[in-house]
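**Q** Questions regarding the structure given below will be posed in turn.
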Amino acid sequence: MNEAPTRLVIVGGVAGGMSCAARARRLDENAEIVVLDRGEHVSFANCGLPYYVGGEITDPARLLVQTPDSLKAALDLDVRTRHDVIGLDPERRTVMVNTVDGVTTLGYDALVLSPGAAPLRPPIPGLDSARVHTLRSVEDALTLERLVSDGARRAVVLGAGFIGLEAAEALAGRGLAVTIVELAEHVLPPLEPELAALVTAELTNLGIEVRTSVAATAIESGPAHDVVLLADGTRLEADLVVLSVGVRPDTAVFEQAGVACERGAIVTDEHGRTNLPGIWAVGDATISTDPVTGLRRPVALAGPANRAGRQVADDILRPGSARPIPAPLGTAIVRVGGLTAALTGANRATLTAQGIDHRSLHLHPNQHAGYFPGASQLHLVVHFRATDGLLLGAQAVGPDGVDKRIDVIATALRGHASIGDLVDLDLSYSPPYGNAKDPVNLAGMFGLNVLDGTTALWYPWELDATLDTALVLDTRSPAEFATGHLPGALNIAHTALRERLDEVAAAAAGRPVRVMCASGMRSYLAHRVLASHGFDSATLSGGILTLRAYLGDRAGDLLTTALPV
């Protein structure tokens with residue numbers, strides 16, 4: 001084993017920094033390991049903060065994973081809180097630290113930068129109001145909980161990302177009237193629109209008002225409450241405002257000292273090494289290359305930061321055998337009321353923007369056997385490369401079973417699996433847990449059919465062109481058809497199709513036939529009948545369930561209950 005550094009200094013704790021420190025101690029009992037953190041708490045459950053505000057976690061002490069004293073006792077780490085690194089001299093191998101006792105200088109033999117990210121603060125007049133808060137630290141959570149306990153009744157959450165939604169649900173659960181304001185077209189912007197619509201509906205069920213495609217333009221402070229002004233002229237009264245519009249890497253001090261950065265994020269190699277000798281970096285402040293699209297971006301997630309911290313410690317202490325740090329896929333999950341939303345890999349917008357030719361699958365299977373009590377529908381979207389079936393990403397929303405399916409597909413993505421490989425996955429099955437054909441296996445079967453031409457798809461975003469150029473054949477039952485259908489659609493139940501092919505040909509009059517049903521299964525069967533009889537046919541991915549969700553408010557205007565004369 002290589003000789004350990006005399007002193008390893010780690011800037012920043014929590015996921016990346018503390019993981020590195022703990023691993024370094026386990027590898028070398030003799031190294032001096034110093035952790036510097038500007039905050040009061042160096043190892044806390046930042047992902048648990050919204051659940052404390054919401055009252056599900058009642059003891060704030062449970063948010064503290066470790067303390068300086070416990071880390072000293074267990075791992076002999078020298079953890080120094082309220083130590084803010086304000087300067088770096090890479091030639092002298094020193095850092096300048098602002099402490100409660102003044103500014104001091106500390107030398108290092110190896111330095112690991114894990115400064116994390118700071119909340120974005122858009123140029124909104126009034127954002128410095130005392131009623132505006134973030135939710136990034138234990139102190140933030142304690143403050144919000146105190147404000148709620150002291151009688152706050154109205155809250156505005158700026159930003160509908162993961163933390164914003166968790167904060168909104170927590171506050172609504174405490175009885176506050178909550179409004180979410182999001183500049184993007186829908187909540188959880190990385191989520192596909194047709195899945196985000198399901199999340200929005202659940203937020204509404206929780207009593208949360210959702211305003212999208214609109215910006216907050218100002219915050220007016222008053223003696224009793226603030227008013228958040230929106231670009232559309234709306235005025236929202238608020239006893240507290242939660243700012244959650246994103247984060248930026250907190251790297252200015254290190255960039256000024258010569259650490260190479262890209263758009264503010266530290267550039268590292270596959271082992272976490274920066275451009276300066278003896279300096280590594282991990283976590284939210286580093287930039288990574290998306291393994292699916294090649295885009296360069298920071299990934300502010302605890303899992304990748306934890307793993308990177310461990311592997312950087314290996315590279316410092318065992319450089320010959322250290323494993324490279326894999327580029328994170330961005331796998332993430334959030335609970336919203338009774339639903340779970342999760343994603344991994346690339347979404348449709350990113351794939352399109354990068355010019356990656358792909359196909360998308362929409363499935364709505366049950367999460368476990370339908371005959372077993374408690375079966376519920378899982379809404380799953382899977383993307384794969386059109387040329388060879390390589391998996392590119394997946395997303396899911398549902399009451400149960402979402403985490404399992406996305407984690408399985410994330411594992412497949414890491415292994416560079418193709419859509420067909422999902423067919424062959426040997427997944428556990430018992431009626432309370434799944435189906436003999438698991439939704440992941442079904443996605444593989446569906447995808448293989450698309451890849452080899454057995455199935456041709458059309459999509460909700462092609463609707464306007466489809467209505468102009470094709471016959472829409474709705475293969476649901478007449479009763480289902482009457483609840484809402486596309487104008488001009490021909491309704492023939494899939495079980496009657498073979499006897500009515502002449503009717504389809506007459507209605508199509510040489511046009512393509514675009515088939516649909518409730519979720520895509522019956523229309524797929526009808527599509528195979530039509531294709532075998534020479535029709536130019538395609539089936540709607542995900543059926544009217546996906547179409548309604550994708551159309552959102554437009555669905556009420558477009559779908560009709562009027563029956564053809």
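**Q** Condition (residue is buried (at least 19 other Cβ atoms within 10 Å of the Cβ), more than 30 Å from I10 (Cβ to Cβ), touching a Gly at 6+ places or on another chain (Cβ under 8 Å) and not hydroxyl-bearing (S, T, Y)) applied to segment 319-338: is it met by at least one residue?
**A** No, the conditions are met nowhere in segment 319-338.
**Q** If you scan segment 404-454, which residues turn out to be among the hydroxyl-bearing types (S, T, Y) and either closer than 14 Å to S360 by Cα or not in a helix (DSSP H, G or I) (or both)?
**A** Going residue by residue through segment 404-454, those that are among the hydroxyl-bearing types (S, T, Y) are 411, 418, 428-430, 433, 454.
Matches in segment 404-454: S418, S428, Y429, S430, Y433, T454.
**Q** If you scan segment 377-392, which residues turn out to be outside any loop (DSSP other than H, G, I, E, B) and under 18 Å from T546 (Cα atoms)?
**A** First pass over segment 377-392, keeping only residues outside any loop (DSSP other than H, G, I, E, B): 377, 379-385, 390-392.
Once the filter is applied, which keeps residues that are outside any loop (DSSP other than H, G, I, E, B) and under 18 Å from T546 (Cα atoms), segment 377-392 yields Q377, H379, L380, V381, V382, H383.
**Q** Further question: Within segment 420-463, work out how many residues are within 19 Å of L392 (Cα to Cα), among the aliphatic types (A, V, I, L, M) and over 24 Å from the mean Cα position of the chain (by Cα).
**A** 7
**Q** When you look at G415, is it without any contact (Cβ under 8 Å) to a residue 12 or more places away in the chain, in contact with a helix residue (DSSP H, G or I) (Cβ under 9 Å, 6 or more places away or on another chain) and within 28 Å of R296 (Cβ to Cβ), yes or no? Break it down stepwise before answering.
**A** Values: without any contact (Cβ under 8 Å) to a residue 12 or more places away in the chain: yes; in contact with a helix residue (DSSP H, G or I) (Cβ under 9 Å, 6 or more places away or on another chain): yes; within 28 Å of R296 (Cβ to Cβ): yes.
So G415 fits the description; yes.
**Q** Checking the conditions here, which among A31, A74 is in contact (Cβ under 8 Å) with a residue 60 or more places away in the chain and assigned by TED's automatic domain parsing to the domain that holds D284? Before you say what the answer is, go through the steps one by one.
**A** Numbers: A74 fails: in contact (Cβ under 8 Å) with a residue 60 or more places away in the chain.
The unique qualifying residue is A31.
**Q** Are there any strands (runs of 3 or more DSSP E) wholly within segment 258-348 with 2 or more residues that are closer than 30 Å to V199 by Cβ, of a type in the set (K, R) and outside the structural domain of I180 (by TED's automatic domain parsing), and if so which?
**A** In segment 258-348, the matching strands (runs of 3 or more DSSP E) lie at 296-298.
**Q** Scan segment 185-208 and tell me whether some residue there is charged (D, E, K, R), surrounded by fewer than 19 Cβ atoms within 10 Å (Cβ to Cβ) and more than 24 Å from the chain's Cα centre (by Cα). Walk me through how you get there before you give the answer.
**A** First, the residues of segment 185-208 that are charged (D, E, K, R): 185, 192, 194, 202.
So of that shortlist, the ones also surrounded by fewer than 19 Cβ atoms within 10 Å (Cβ to Cβ) come out as 185.
Then keep just the ones that are more than 24 Å from the chain's Cα centre (by Cα); that gives none.
No: segment 185-208 contains no residue that is charged (D, E, K, R), surrounded by fewer than 19 Cβ atoms within 10 Å (Cβ to Cβ) and more than 24 Å from the chain's Cα centre (by Cα).
**Q** In segment 498-541, how many residues are closer than 18 Å to T469 by Cβ, within 33 Å of the chain's Cα centre (by Cα) and either among the charged types (D, E, K, R) or surrounded by fewer than 15 Cβ atoms within 10 Å (Cβ to Cβ) (or both)?
**A** Residues flagged as closer than 18 Å to T469 by Cβ, within 33 Å of the chain's Cα centre (by Cα) and either among the charged types (D, E, K, R) or surrounded by fewer than 15 Cβ atoms within 10 Å (Cβ to Cβ) (or both) within segment 498-541 amount to 1.
**Q** Of everything in segment 142-184, what is assigned to a loop (DSSP other than H, G, I, E, B) and surrounded by 19 or more Cβ atoms within 10 Å (Cβ to Cβ)? Give them in sequence order. Working first, answer last.
**A** Narrowing segment 142-184 to residues assigned to a loop (DSSP other than H, G, I, E, B): 150-153, 159-161, 174-176, 183-184.
Hits for segment 142-184 are A152, G159, A160, G161, L176.
**Q** Answer yes or no as to whether D290 is acidic (D, E), farther than 30 Å from T94 by Cα and either touching a Leu at 6+ places or on another chain (Cβ under 7 Å) or in contact (Cβ under 8 Å) with a residue 12 or more places away in the chain (or both). Full working, then the answer.
**A** Numbers: acidic (D, E): yes; farther than 30 Å from T94 by Cα: yes; either touching a Leu at 6+ places or on another chain (Cβ under 7 Å) or in contact (Cβ under 8 Å) with a residue 12 or more places away in the chain (or both): yes.
The answer is yes for D290.
The values are calculated or read from the model by the stated rules, or taken from the named source; none is laboratory data. Everything numeric here is computed off the predicted structure, so don't read it as measured data. A quick note on method: Cβ atoms are made from the backbone with ideal geometry, for glycine too, and the neighbour counts reach across all protein chains shown.
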